Amino acid sequence: MSVEIVKKQIADFLRSDTPEVLAIKGAWGVGKTYAWKRYVEEFRDSISLKKYSYVSLFGINSLDTLKYQIFEQSIHTRDIGRQPDIDTFVNNTDFIIKKIGKNSLKFLKGLPYLEKNYATIESFSFLVVNKMIICFDDFERLGDSLNIKDVFGLANLLKEEKKCKVVLIFNEDSMDEEQKENLSLYREKVVDVELVFAPNAIECVEIALVNDNKVSSLISEHSVKLDIDNIRIIRKIERLSRLVAKSLTQYEPEVLRQAIQTLSLFALSYYSKDERIPPEEFLLKYNSVGYYMKKDEKLSDDERLWHSFLSQYNFTYIDDFDEVIISAIKCGYFDDSKLISEAEKLNQKIIAKKSDNSFMEAWYQYLYSFQNNEDEVLEGLYNGAKNHSKYISLNYLNATVVLLREFGRDEQADEVIDVCIESMKQKDEKRVFDLSIYPFSDTITDKTLIKKLNDQNQQRIEEKTLEEIVQKIANRDGYEQSDLITMSQASENEYFKLFKSKEGPNLRLYVEACLQFRNTHQQQEIYKTITKKTISALKNIAGEDALNKRRVQINYGICLDE
């Protein structure tokens, strides 16, 4: 049912004073409650009845409690959607409140002689419920002692005896079998009008996003592309998008666009159970170039579906900036230092890309054209890769090299590899040579490229000093297996000189970085070697004088007895 039709039906319901029961049903997250509250506020001034009460059934265990909740939550219809203040308090009073007051009812409960009769007092408050609009929500979370048939019975009583207009909001799919059975039994007898709330993606963003700004526009664009018809997910995306937008104002607009594109996709994957949505583990390893180069028969049905889905969304692969964005979906906040660091890098790439788009333009000619332009495409890839070498990713480099070789351009392929590797060295991003930590290593297939990357990585390992490795570990930047090998091969004297060269807080960080391997549960030989050399160096320092002996014993827990 179109949202506009639902909205019109709700407007007609609110403008009429005829007692009736309106049911609004829909799937989880489509925004039934959100839409109802928005519409009842929008039509506030044209509502025929003058009292309104919204009641969540969550945890309510008795009819007496439910009746009292109707009374307690009642407000004047002109106050719908407004923040409570002294004026709304005065407006919401009626004759029973003037006599004993809502708070007085709670006070009376504490009096010894009335404590046992408080249920009667709660029921007494129900006497003033008359000619009201009453909304019952959260049917799926009723208390264990209250049955759905009791709520329908009360709704019928409110309509027939109290001349009220009653709204029931529920999700059939979330009900248990008993609730579904009672719903089927009583809805025909009680419900006068039943509306199905099932907005499409465009309608969902129109309902969920009330602000008209750049962030809302980007969320709307990507939500519609992903066909997100769940308002709860859109609101989660909106919250994180507005958080990240505050930190990205000084960068190129493409940085914010990528952040919201990634947020939208991974939030949908994280919260949705739709099988057409690629799961997180697939997204983390996905890169579009790799899949374009794969033979179709090697893809499963799910992979073909997901690849098509991501192609339509223009999603290629995740980078370091995306990883910061993705982590916020699970933890609910952004690591500002990492966010700014990766945003700076991405911003520089975008600026460089704007100045020279020859490489990607060549790829577009290959991917999105049937023209007879083999030489033009291959020359474009060759020249574009060289000119773009400072920013080219490994998977694009590999795809370019593979394509050049396939058409007999081995010399050009080798030249592209050499130019790109030299650019990587100049940028001092040497870890990129380590294929063991590259998330898309299975897409790197060119043997010459693999060999040259491995050669550079081995040279990088050999160039590392003990101090560089310990500093990295002390800064909590992690370590690689090659780092452990270097540490195990360093001499006791190198450890001694390293510790003696440091003072202040850094000294403790360096020593503890080396001693951490004595506490590991995995007693590998390499850990034992590092620990042995570290302790030996500390014992040599302790042997210099009585003060150093005390420092080593007390500060680092080293036993100096033979």
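The values are calculated or read from the model by the stated rules, or taken from the named source; none is laboratory data. Keep in mind it's a predicted model, so treat the numbers as computed, not measured. Ideal geometry is used to build each Cβ from the backbone, glycine not excepted, and the neighbour counts take in all protein chains shown. These area figures cover heavy atoms from the full protein model, side chains too; ligands, DNA and RNA do not enter into them. Shrake-Rupley method; radii C 1.70, N 1.55, O 1.52, S 1.80 Å.
Being open to solvent by 80 Å² or more (accessible area, probe 1.4 Å) and over 42 Å from the mean Cα position of the chain (by Cα) is true for just one of ARG508, ARG551. Which residue is that?
Criteria check complete, one pass: ARG551.
Suppose we keep only residues that are open to solvent by 30 Å² or more (accessible area, probe 1.4 Å) and in a helix (DSSP H, G or I) within segment 310-335. Which one would you say is nearest to SER441 (Cα to Cα)? Looking at the filtered set, the residue picked out is ASP320. Against the test of being within 30 Å of SER269 (Cβ to Cβ) and touching a Ser or Thr at 6+ places or on another chain (Cβ under 7 Å), the options SER311, SER337 yield a single qualifying residue, SER311. Looking at segment 395-405, can you tell me whether even one residue there is free of Cβ contacts under 8 Å to residues at least 40 places away in the same chain and over 15 Å from ALA362 (Cα atoms)? No, there is no match, as no residue in segment 395-405 is free of Cβ contacts under 8 Å to residues at least 40 places away in the same chain and over 15 Å from ALA362 (Cα atoms).
When restricted to residues that are basic (Lys, Arg) and under 34 Å from the mean Cα position of the chain (by Cα), segment 371-417 contains 1. When we screen LEU195, LEU218 for residues that are of a type in the set (A, V, I, L, M) and in a helix (DSSP H, G or I), the only hit is LEU218.
May I ask you to say which residue of LYS37, LYS8, LYS50 is free of Cβ contacts under 8 Å to residues at least 24 places away in the same chain and out of contact with any Asp or Glu (no Cβ under 8 Å at 6 or more places or on another chain)? Step by step, each of LYS37, LYS8, LYS50 is checked, and only LYS8 is free of Cβ contacts under 8 Å to residues at least 24 places away in the same chain and out of contact with any Asp or Glu (no Cβ under 8 Å at 6 or more places or on another chain). Pairing residues of segment 170-199 that are in contact (Cβ under 8 Å) with a residue 40 or more places away in the chain with residues that are open to solvent by 70 Å² or more (accessible area, probe 1.4 Å) and not in a helix (DSSP H, G or I), at Cβ distances under 6 Å and at least 6 apart in sequence or on separate chains, gives ASN171/TRP28; VAL196/MET1. Among residues of segment 422-444 being in contact with a helix residue (DSSP H, G or I) (Cβ under 8 Å, 6 or more places away or on another chain), over 15 Å from GLN458 (Cα atoms) and not in a helix (DSSP H, G or I), the one that is modelled with the highest pLDDT is ILE444.
Out of LEU268, LEU256, one residue alone is assigned to a helix (DSSP H, G or I), within 18 Å of the chain's Cα centre (by Cα), among the hydrophobic types (A, V, I, L, M, F, W, C) and surrounded by fewer than 21 Cβ atoms within 10 Å (Cβ to Cβ). It is LEU256. Selection of first residues in segment 482-502 that are in a helix (DSSP H, G or I) and of second residues that are aromatic (Phe, Trp, Tyr), restricted to Cβ pairs under 8 Å at least 6 apart or on distinct chains, gives the following pairs, ordered by first then second residue: LEU484/TYR527; LEU498/TYR510; PHE499/TYR510. What residue, among those in segment 3-51 that are out of contact with any helix residue (DSSP H, G or I) (no Cβ under 6 Å at 6 or more places or on another chain), in a loop (DSSP other than H, G, I, E, B) and open to solvent by 50 Å² or more (accessible area, probe 1.4 Å), is modelled with the lowest pLDDT? Looking at residues that are out of contact with any helix residue (DSSP H, G or I) (no Cβ under 6 Å at 6 or more places or on another chain), in a loop (DSSP other than H, G, I, E, B) and open to solvent by 50 Å² or more (accessible area, probe 1.4 Å), I get TRP28.
VAL401 meets all of the listed conditions (1) within 19 Å of ILE450 (Cα to Cα); (2) surrounded by fewer than 22 Cβ atoms within 10 Å (Cβ to Cβ) but one, namely (2).
Tell me, yes or no, whether segment 149-166 has at least one residue that is touching a helix residue (DSSP H, G or I) at 6+ places or on another chain (Cβ under 7 Å), modelled with pLDDT under 85 and acidic (Asp, Glu). No - not one qualifying residue is present in segment 149-166. When each of TYR382, TYR391 is tested for being at pLDDT 85 or above, surrounded by 14 or more Cβ atoms within 10 Å (Cβ to Cβ) and of a type in the set (Ser, Thr, Tyr), the lone residue that passes is TYR382.
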